[in-house]
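> Next up is a structure, given as structure tokens.
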Amino acid sequence: MEETRDQVIQSELAQVKQKAPLIEGVTLVTCVELSVRLSIKVTGQKHVTLIVMFPPKYPHEPLIMELKSKTLSEKLLDGLLKVCDEQAKKWLGQRQILLLTNFVLNFLHENPLCVCSDEIQTVKKNLLTSDDSLKLKQKTAEIGLKIKQDKYFMNIRIGVPEGYPAKQVTDVIFFSVEVDEHNYPELLKTNFAGQAIEIARRCVQPPLKKKPKDPPFQIKASLLPVCTFLVESLKKYPRMLCPLCKEQALPTNPDEKLSDPRKKVERVYCGHLFHFGCLKRYLRTPPFADGKMCPDCGKQIFHEKWKLSPQLAEARWAHKQARERELAEVMDFLE
Ligand SMILES: [Zn+2]
Ligand SMILES: [Zn+2]
């Protein structure tokens with residue numbers, strides 16, 4: 001004879017009481033006929049509460065279920081709930097609570113990127129064009145970004161650490177940013193990756209020098225700021241003009257071999273790109289008094305290769321002028 005609904009429920013409640021606490025990461029909060037509530041936790045961020053109720057025709061109908069979380073996004077929970085509901089339809093006639101609990105637990109284990117699902121949606125919606133792509137690699141907890149601008153491209157892998165975004169910085173990393181392939185100048189690649197890591201660091205690490213009026217430091221999610229920086233930079237640089245000659249700084253065709261070393265680009269402290277030849281001429285031409293400013297943004301030009309004090313620049317200029325005068329005199333003499 002088939003068990004009645006009540007018999008099924010009573011025996012299932014007894015089974016849940018006995019077995020749920022044995023599953024790693026699962027805590028039984030309440031277990032009564034009106035509702036069963038389980039806490040399912042993989043990390044501090046991957047934590048949901050599963051609430052289930054028995055429908056009138058149980059077990060020949062799926063459980064009535066609800067998911068709550070303080071850390072995961074509503075949209076993700078909605079999606080997960082739909083998947084759970086589909087799954088429960090395959091378990092009709094069976095005791096569903098433990099099956100469902102394990103299903104949710106597995107989902108959290110196998111989808112480490114669920115902790116940044118909102119940020120990923122925003123990146124897709126607000127930053128990428130139809131030329132770009134974003135792929136989730138749940139197995140390695142990585143996000144693959146392929147960004148294109150004109151003839152330039154960069155493929156980037158961003159690794160999201162376990163415990164994101166509240167990762168304690170003392171433990172290690174916030175993030176890894178690896179560039180797989182690209183055709184931007186090498187110096188820009190190094191710069192973009194380095195700056196991306198720095199942006200991520202500032203989201204989780206309080207500033208060394210705290211200003212008295214600063215509000216207390218709070219850890220922020222870093223994926224969106226990092227992707228915003230990377231995508232905007234990769235889109236902007238291929239069309240950036242040299243502030244001096246007002247021509248495009250990078251060659252239109254990235255594969256073009258530069259025969260003229262003066263057309264190589266230099267990126268200075270303010271972020272603007274200059275042709276090597278243009279910058280060199282500019283830095284060596286007076287006035288030097290207050291240092292040299294970027295014509296586009298007015299910030300002083302700093303560059304590793306050009307640590308030139310105004311005095312030294314002045315002296316070099318004077319020396320060059322003297323040489324030219326000497327040459328001129330010699331020329332005069334020859335006439
Ligand atoms: Zn130029
Ligand atoms: Zn500038």
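> Hey, which lysines would be in cross-link range of Lys320, C-alpha to C-alpha under 19 Å, not counting anything within fewer than 8 residues on its own chain?
Lys280, Lys292, Lys307
> Run the reach check for Lys146 against aspartates and glutamates, Cα to Cα strictly under 16 Å, same-chain hits fewer than 8 apart removed. What comes back?
Of all the aspartates and glutamates, those that pass the test against Lys146 - Cα under 16 Å, at least 8 places apart if same chain - are Asp131, Asp132, Glu178, Asp180, Glu181, Glu232.
> Right, another one. So what's the back-of-envelope 222 nm ellipticity for the chain, counting only DSSP H runs of four-plus at -39500 (n - 2.57) apiece and dividing by all residues, rounded to 500?
About -11500 deg cm²/dmol.
> Another question about this same structure. Output the peptides 186-197, 257-268 sorted from most to least packed, where packing is the average of other Cβ atoms within 10 Å over each peptide's residues. It would help to have the intermediate numbers written out before the result.
Values: 186-197: 15.9, 257-268: 14.0.
The packing order, highest mean first, is 186-197, 257-268.
> Please compare each pair in Lys41/Lys75; Lys135/Lys257; Lys46/Lys124; Lys46/Lys135; Lys125/Lys220; Lys89/Lys135 to a cut-off of 24 Å on the Cα-Cα distance and tell me which ones are over it.
Where the Cα-Cα span goes over 24 Å, the pairs concerned are Lys135/Lys257; Lys89/Lys135.
> Which of the peptides 204-213, 148-157 is most tightly packed, and how do the rest follow, going by the mean number of other Cβ atoms within 10 Å of each residue?
Highest mean packing first, the order is 148-157, 204-213.
> Related question: Which angle from 0 to 90°, rounded to the nearest 10, does the C-alpha axis of helix 97-110 make with the longest principal axis of the chain?
10 degrees
> Right, here's the next one. Among the listed pairs Lys236/Lys299; Lys82/Lys148; Lys19/Lys68, which are separated by more than 31 Å between their Cα atoms?
Table pairs above 31 Å Cα-Cα are Lys82/Lys148.
> Return one number: the angle in degrees, 0 to 90 and rounded to the nearest 10, between the long axis of the Cα atoms of helix 310-334 and the longest principal axis of the Cα atoms of the chain.
With rounding to tens, the tilt is 40 degrees.
> Also: Which aspartates and glutamates have a Cα less than 15 Å from the Cα of Lys264, not counting those fewer than 8 places away in the same chain?
In chain and number order, the partners are Glu186, Glu247, Asp255, Glu256.
Just so you know, all these numbers are worked out from the coordinates, no wet-lab data involved. Quantities reported herein were computed from a predicted structural model and do not represent experimental measurements. Please note: Cβ atoms are built from the backbone with ideal geometry, for glycine as well, and neighbour counts cover all protein chains shown.
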